Amino acid sequence: MSKILIVEDDRNSRVALQKALESLPTEIELAESAEQALERLSASPFDLVLSDIVMPGMDGLELLEKI
């Protein structure tokens, strides 16, 4: 089973994306910030990371550089 990490600071967008993908045979985890995403990535590998670009603090492009 594949794993997807959704990184989105807006709760409504995060939940909508999760609902759109939940029919897939995947495990989905959520992160509210790039910093939280890095914590999740250090604890477990993911097959796909879907990230917002514009977020407070570290943005999605900075997250991509760190990954």
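The set of residues from the range 30-66 being crowded, with 16+ Cβ neighbours inside 10 Å, under 17 Å from K3 (Cβ atoms) and charged (D, E, K, R) comprises just one member, R40. Output the residues belonging to the range 46-67 that are in a helix (DSSP H, G or I) and touching a residue at least 12 places away in the same chain (Cβ under 8 Å). Passing the criteria: G60, E62, L63, L64, K66. Output yes when any residue across the range 36-45 is within 9 Å of the chain's Cα centre (by Cα) and in a strand (DSSP E or B), and no when none is. No: zero hits. The C-beta contact set for the range 5-20 (first residue touching a residue at least 40 places away in the same chain (Cβ under 8 Å) and at negative phi, second residue acidic (D, E) and open to solvent by less than 40 Å² (accessible area, probe 1.4 Å), distance under 6 angstrom, 6+ apart or interchain) comprises E8/D52. Of the set (1) at pLDDT below 95; (2) over 13 Å from the mean Cα position of the chain (by Cα); (3) not small (G, A, S), all apply to N12 but (1).
The values are calculated or read from the model by the stated rules, or taken from the named source; none is laboratory data. This structure is a prediction, so every number in the text was calculated from the model and none was measured. Because the Cβ atoms are built from the backbone with ideal geometry, glycine has one as well, and the counts that use them run over all protein chains shown. The area values use the complete protein model at the heavy-atom level, side chains included, leaving out ligands, DNA and RNA. Shrake-Rupley method; radii C 1.70, N 1.55, O 1.52, S 1.80 Å.
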